[in-house]
Amino acid sequence: MTITEKTNKHIMQSYGRFSLEIENSKGLIDFGSGIGTNSLGFCDEQWANAVCEQARTLQHTSNLYYTKPAADFAEKLCAVTGYTNAFLCNSGAEANECAIKLARKYSFDKYGAGRNKIVTLNGSFHGRTMTTLSATGQDIMHPDCFAPYMPGFAHIEPNAPIGSFADDVCAVMLEYVQGEGGVISLEQSFVDEVFALCAENDILVIADEVQTGAGRTGAFLAGTHFGKAADITTMAKGLFGGLPGGACLANEKCAGVLTAGMHGSTYGGNPVVMAGGSVVVARVSDAAFLAEVVAKGDYIREFLAKLPQVEAISGRGLMLGLTLKSAKEASSACPAEVALATGVGRTAIEVAKACLEKGLLVLTAKDKLRLLPPLTITYDELDEGLSVLKEILL
Ligand SMILES: *Cc1c(COP(=O)(O)O)cnc(C)c1O
């Protein structure tokens, strides 16, 4: 049996996969980073050495004991982000689960029962567990077959005036740049209003930086671009360089809310994962490194803005979304025979497939093409990938 056949036979077919089997990174140009996880690229040497050395020293203990890799990682992460402490877990969804429990308990401890609603934004994505799915502000993610969903969430429109929050709201959860929702950035005025209303009413702000965090947007945390520090920030994807991990960061106000026995994770703070995470945090938090992320993002934008099939580019740093022109619009922008040969007007997923055939890995988000290259990508690699995109999107 081929890898594909074995996979389809023995792994639940809950994914729509591209027909490509990957055994190593040879011959691939990566504009996807394993959905933003491989922040230092494939098999970065320093990262791989740290991970391998830790695997040979002590791979796991559980949280019944203290370990140096987790302590060191958390110390670094708090120093870089300004947060007081962190809960360590294994994924973005779990980081958000922690944030939700933390926010509800903060409110319960201070105001008693009933003030427990969490407001999230339409178009958001917060994870696949029943609770984070319920938090996710997209009807398409709430099919009847999984009902009932968790109560306690309300959804509002991003980048629209809010006015006020209901009395039973304890927290607002937002992505500064919605990733899965289509690489849509929040506007400064909207973020300002959220933070002002929350500050007035002691409502917590939870920033879901699972995708935007760890340098992806050109700042270690995307909140920096908005001049904001949420009470709680969740991170995962790029934070561990391609190992499964997550972190829920709390400011001083929230740092003591969860006490012994209130929350846990068997694998949370796993030494091997933490060893990888420490390398990522050290590298990615460097100001010169982050400036490079911004410069590379600008370089990509400048190049792609000239392509006739690209209608608009959204996002920030190395988190970019391309709106592709509809067939009609694009065909007026380029001769018919070119349109035919290149398939102008193809959907983002069709373009992603065409890229794959030329060895370029790209992502989609809703109807957009989504680019999340490794933060360490070189200009040569960028040129290589961009020339493939140019061939396909001309
Ligand atoms: C990917 C993602 C999640 C879920 O992360 P998992 O590690 O898949 O659980 C949550 N929030 C955002 C913003 C994400 O991009």
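The values are calculated or read from the model by the stated rules, or taken from the named source; none is laboratory data. Nothing here was measured: the structure is a model prediction, and the numbers come from that model. Cβ placement follows ideal geometry from the backbone for every residue including glycine, while neighbour counts extend to all protein chains displayed. To get the accessible areas, we keep the full protein, side chains included, count just its heavy atoms, and leave off ligands, DNA and RNA. Shrake-Rupley method; radii C 1.70, N 1.55, O 1.52, S 1.80 Å.
May I ask you to evaluate 6.51 cos²θ - 1.76 cosθ + 1.60, the Karplus curve with θ = phi - 60°, for each residue of the stretch 254-265 and list the ³J(HN,Hα) values in order in whole Hz, giving x for glycine and proline?
After applying 6.51 cos²θ - 1.76 cosθ + 1.60, I find 9, 5, x, 5, 8, 10, 3, x, 7, 7, x, 7 Hz.
For the chain, give the percent of accessible area contributed by carbon and sulfur heavy atoms, probe 1.4 Å, rounded to a whole number.
Carbon and sulfur together cover 55 percent of it.
Given the options LEU356, LEU20, LEU371, which has the most mean-square fluctuation in a GNM of the chain, springs set between C-alpha atoms less than 10 angstrom apart?
LEU20
Which cross-chain or sequence-distant (5 or more) residues have an amide H under 5 Å from the amide H of ALA171, H modelled 1.01 Å from N in plane?
Under 5 Å from the amide H of ALA171: VAL119, LEU204.
Lysines within cross-link reach of LYS117: Cα-Cα under 26 Å, excluding same-chain residues under 8 positions apart?
The reachable lysines, counting only those whose Cα sits under 26 Å from LYS117, are LYS101, LYS105, LYS228, LYS253.
Given a 10 angstrom Cα cut-off, can you work out which residue in LEU307, LEU102, LEU121 is the most mobile in a GNM of the chain?
In the Gaussian network model the winner is LEU307.
Given only helices, namely DSSP H runs of n ≥ 4 each adding -39500 (n - 2.57), what is the per-residue ellipticity at 222 nm of the chain, to the nearest 500 deg cm²/dmol?
Computed ellipticity for the chain at 222 nm equals -12000 deg cm²/dmol.
Return the percentage of antiparallel bridges among DSSP beta bridges fully within the stretch 170-272, rounded to the nearest 5 %.
Details: 6 of 13 bridges.
That works out to approximately 45 percent antiparallel.
With every protein chain left in place and a probe of 1.4 Å, what is the accessible surface of GLU292, to the nearest 10 Å²?
GLU292 has an accessible surface of roughly 80 Å² with all protein chains in place.
Straight-line reach from LYS76: which aspartates and glutamates have a Cα under 14 Å away, not including same-chain ones fewer than 8 places off?
Partners found: ASP286.
Compute the signed sum of charges (Lys and Arg +1, Asp and Glu -1) over the other residues within less than 14 Å, Cβ to Cβ, of LEU28.
-4
What is the sum of charges, Lys and Arg at +1 and Asp and Glu at -1, for the other residues whose Cβ falls under 13 Å from the Cβ of CYS43?
Spelling it out: positives minus negatives among the neighbours equals -3.
Just the number, please: percent antiparallel of the DSSP beta bridges in the chain, rounded to the nearest 5.
60 percent
Name the most mobile residue of THR132, THR233, THR217, meaning the one with the largest mean-square fluctuation, in a Gaussian network model of the chain with Cα contacts below 10 Å.
THR132
Through the Karplus equation 6.51 cos²θ - 1.76 cosθ + 1.60, θ set to phi - 60°, convert the phi angles of the stretch 105-110 into ³J(HN,Hα) values in whole Hz; use x for Gly and Pro.
Whole-Hz 3J(HN,Hα) from phi for the stretch 105-110: 5, 4, 5, 4, 4, 8.
Whole-Hz ³J(HN,Hα) for each residue in the stretch 241-252, computed from phi via Karplus 6.51 cos²θ - 1.76 cosθ + 1.60 with θ = phi - 60°, x for glycine and proline: what do you get?
x, x, 10, x, x, x, 9, 10, 9, 10, 7, 4
Compute the accessible area per residue over the stretch 254-331, keeping the other protein chains in place, probe 1.4 Å, unit Å². Don't skip to the answer; put the middle values down first.
Values: 3220 Å² over 78 residues.
Here the residues of the stretch 254-331 average 41 Å² of exposed surface.
Would you mind computing the Rg to Rh ratio of the stretch 104-256 from its alpha-carbon coordinates, Kirkwood style for Rh?
Details: Rg = 14.9 Å, Rh = 15.9 Å.
On the Cα set of the stretch 104-256, Rg over Rh gives 0.94.
Tell me the per residue accessible area of the stretch 1-57 using a 1.4 Å probe; a whole number in Å² is fine. List each step's numbers first, then the result.
Details: 4240 Å² over 57 residues.
Accessible surface, normalised per residue, equals 74 Å².
Restricting to DSSP loop positions (anything but H, G, I, E, B) with no more than 16 other Cβ atoms inside 10 Å of their own Cβ, which trypsin sites (Lys or Arg not before Pro) remain in the stretch 112-220?
ARG128
With all protein chains present and a 1.4 Å probe, how do THR129, THR57, THR259 order by accessible area, largest first?
THR57, THR259, THR129
Round to the nearest 0.05 the FRET efficiency obtained for ASN63 and ALA305 when R0 = 41 Å and r is the Cβ-Cβ distance. Each step should come with its number before you reach the end.
Details: r = 48 Å, r/R0 = 1.18.
For ASN63 and ALA305, the calculated efficiency is 0.25.
For ASP167, what accessible area in Å² do you get when you roll a 1.4 Å probe over the heavy atoms of the protein chains, rounding to the nearest 10?
140 Å²
Please give the per residue accessible area of the stretch 103-176, computed with a probe of 1.4 Å over protein heavy atoms only, in Å².
On the way: 3540 Å² over 74 residues.
Per-residue accessible area for the stretch 103-176 comes out at 48 Å².
Once you list every other residue whose beta carbon is under 12 Å from the beta carbon of GLY246, what net charge do they have if Lys and Arg are +1 and Asp and Glu are -1?
Value of the local net charge: -3.
Restricting to the stretch 108-234, compute how many DSSP beta bridges are antiparallel as a %, nearest 5.
Within the stretch 108-234, antiparallel bridges account for around 10 percent of the total.
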